[in-house]
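Novice: One structure follows; several queries about it will come next.
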Amino acid sequence: MVLVLCNELGGNLLEPRRREQLLRISRWAGVSLLILGILASLSFWLRRLPYEADRAIYGYFEIVGSVLALTFAANALVRFRGKQDRVALLLAHGFVVAGVLETLSGLSFYFRLADAASAPVAVPLEWTMVRTFLAALLLVTLYVEHRLPQPRNPRRELFGTIVIVIAVMYLTVLFYGAAAYLGVPLQTLMSSGSLVPRPGQLLPVLLFFFAAVGFRRRLKDTATAFDRAIYLAAAMNAFSHFMASQAEQLFDAPSALAQLVRVSSYAIVLGGALLDNVRLFDQVRHMASSDPLTGLANYRRFLDVLGTEMERSRRTRRPFAVLFLDLDGLKRINDTYGHAVGSRAICRMADALRSHCRAVDTAARYGGDEFALILPETAAEAAACVVERIKARLTAEAEAPMLSASIGVAVYPRNGDTLEKLLATADRLLYAMKKRQRRRGGKKAWKEVAA
């Protein structure tokens with residue numbers, strides 16, 4: 001009786017999951033049928049379109065694609081240097097090989113084309129091999145990233161990726177060589193009038209399709225512009241080779257569309273790499289000028305801003321104020337509550353400064369428990385108001401332990417006409433307040449120290 005009841009409950013619990021799986025499968029099936037219908041209609045229309053691409057424009061697209069491939073390789077190497085991204089390194093080496101080979105084969109092909117009386121029917125073997133190589137490399141990249149651990153030695157990583165790229169290229173050449181030896185020249189295989197005039201182009205279609213599926217799943221973990229661009233480029237190349245499989249002549253409408261989509265995919269993957277490199281450079285610049293714990297400006301950024309404010313104050317004849325703040329009793333907090341609470345206390349102090357900053361103000365973490373605040377175009381009276389607001393914010397916090405800070409205020413140029421004098425005055429006034437608080441027995445009393 002109990003077993004029957006458990007089985008019934010288990011079946012009822014699994015029913016929603018099964019329904020969800022069936023719904024997902026039916027949705028994918030519907031989308032797939034719709035895409036196949038669109039592709040069939042498009043190919044049917046293009047094959048009957050009386051169009052022949054200009055040979056010179058077709059050649060320009062080939063050269064542009066090679067340049068884009070090499071440019072992407074350079075940007076992918078920059079990404080690897082910044083993030084040690086194995087995917088970027090593998091694709092960089094692969095696109096270098098593809099760009100060089102496509103350039104050489106393209107120039108050779110168009111020299112032969114200039115001497116020919118009529119347009120050739122067969123796609124050059126080098127083009128088919130290079131694009132199959134790229135598709136296979138995308139699949140191998142997914143496998144390597146998922147299965148092999150990341151080595152700690154960058155030189156070993158560089159050597160390993162070169163070996164992988166050479167191996168994939170060798171296997172691609174070996175495959176096409178074996179096909180030609182067995183009498184199946186895939187690049188010239190033609191079946192005019194059939195549903196697929198060039199069945200030899202279906203191999204890269206399948207490879208790029210599975211690569212697009214793999215990179216689509218990978219977006220769940222890494223959804224950067226670089227990864228999205230690779231996924232989109234793989235899907236576009238699958239579509240491009242499907243259109244190439246519908247071409248009966250090298251320069252007809254399906255072939256021209258395939259060339260346009262392929263070059264566009266290179267432009268997209270290059271754009272994704274550029275956008276992601278810009279994001280990485282912004283992150284590096286932010287990390288170079290900010291404190292990693294609090295997000296405030298670091299000591300270097302503080303000095304740069306201070307020098308800029310001094311130059312502007314000399315031009316405008318308007319003062320500015322500098323606040324030095326020292327978090328009281330940080331060592332006691334660390335010893336009593338632990339270093340995690342001490343780090344949290346530092347962040348609370350940073351939040352108090354950030355909440356009372358204008359857009360033109362600069363809050364910085366000067367040292368371990370020392371902070372600074374630059375207030376442009378601020379006299380002593382306005383700086384005193386800022387000090388009171390910071391005091392009130394710390395006093396009103398309900399989070400334990402209760403925080404207090406010693407504060408020194410210096411105003412330029414009254415308290416110092418050079419950077420060293422200004423900072424020395426603020427530091428001296430800060431420690432004068434700290435001494436007063438110590439003489440009062442460590443009470444959380446405040447006394448403004450301003451010149």
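Novice: Got a sec? Which of Asp351, Asp427, Asp417, Asp369 is within 12 Å of Val322 (Cβ to Cβ) and among the acidic types (Asp, Glu)? So that I can check it myself, show each step before the final result.
Specialist: On the way: Asp351 fails: within 12 Å of Val322 (Cβ to Cβ); Asp417 fails: within 12 Å of Val322 (Cβ to Cβ); Asp369 fails: within 12 Å of Val322 (Cβ to Cβ).
Answer to the selection: Asp427.
Novice: Check Leu257, Leu203, Leu207 and return the single one that is modelled with pLDDT of 90 or more, over 16 Å from the mean Cα position of the chain (by Cα) and crowded, with 18+ Cβ neighbours inside 10 Å.
Specialist: Leu207
Novice: Kindly evaluate Cys347 against the criterion of being within 26 Å of Arg436 (Cα to Cα) and either surrounded by 22 or more Cβ atoms within 10 Å (Cβ to Cβ) or touching a residue at least 12 places away in the same chain (Cβ under 8 Å) (or both).
Specialist: It is true that Cys347 is within 26 Å of Arg436 (Cα to Cα) and either surrounded by 22 or more Cβ atoms within 10 Å (Cβ to Cβ) or touching a residue at least 12 places away in the same chain (Cβ under 8 Å) (or both).
Novice: Here's another thing I want to ask about it. Wholly within the range 199-307, which helices (runs of 4 or more DSSP H) include no fewer than the required count, namely at least 1 residues that are free of Cβ contacts under 8 Å to residues at least 12 places away in the same chain and within 23 Å of Val67 (Cβ to Cβ)?
Specialist: On the way: elements: 202-218, 225-245, 253-289.
Qualifying helices (runs of 4 or more DSSP H): 253-289.
Novice: Taking the stated definitions as given, is Ala379 exposed (fewer than 15 other Cβ atoms within 10 Å of the Cβ) and either of a type outside the set (S, T, N, Q) or touching a Pro at 6+ places or on another chain (Cβ under 9 Å) (or both)?
Specialist: yes
Novice: Related question: Select, from Arg131, Arg112, Arg81, the only residue that is at pLDDT 80 or above, assigned by TED's automatic domain parsing to the domain that holds Leu68 and more than 18 Å from Leu68 (Cβ to Cβ).
Specialist: Selected residue: Arg81, the only one of Arg131, Arg112, Arg81 that is at pLDDT 80 or above, assigned by TED's automatic domain parsing to the domain that holds Leu68 and more than 18 Å from Leu68 (Cβ to Cβ).
Novice: Would you check if there is a residue in the range 58-79 being assigned to a helix (DSSP H, G or I), under 26 Å from Val213 (Cα atoms), out of contact with any Ser or Thr (no Cβ under 7 Å at 6 or more places or on another chain) and of a type in the set (Ser, Thr, Tyr)?
Specialist: Yes.
Novice: Of these, Val322, Val360, which one is in a loop (DSSP other than H, G, I, E, B), touching a residue at least 12 places away in the same chain (Cβ under 8 Å) and out of contact with any Lys or Arg (no Cβ under 7 Å at 6 or more places or on another chain)?
Specialist: Val360
To keep it simple, each residue is scored yes or no on (1) assigned to a helix (DSSP H, G or I); (2) of a type in the set (S, T, N, Q); (3) within 23 Å of His339 (Cα to Cα).
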position	(1), (2), (3)
Leu373	no, no, no
Thr378	no, yes, no
Ala382	yes, no, no
Val386	yes, no, no
Pro401	no, no, yes
Gly416	no, no, no
Arg428	yes, no, no
Met433	yes, no, no
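The values are calculated or read from the model by the stated rules, or taken from the named source; none is laboratory data. None of the values given here were measured: they were computed from a predicted structure. Methodologically, a virtual Cβ is constructed for each residue, glycine included, from the backbone with ideal geometry; neighbour enumeration extends over all protein chains shown.
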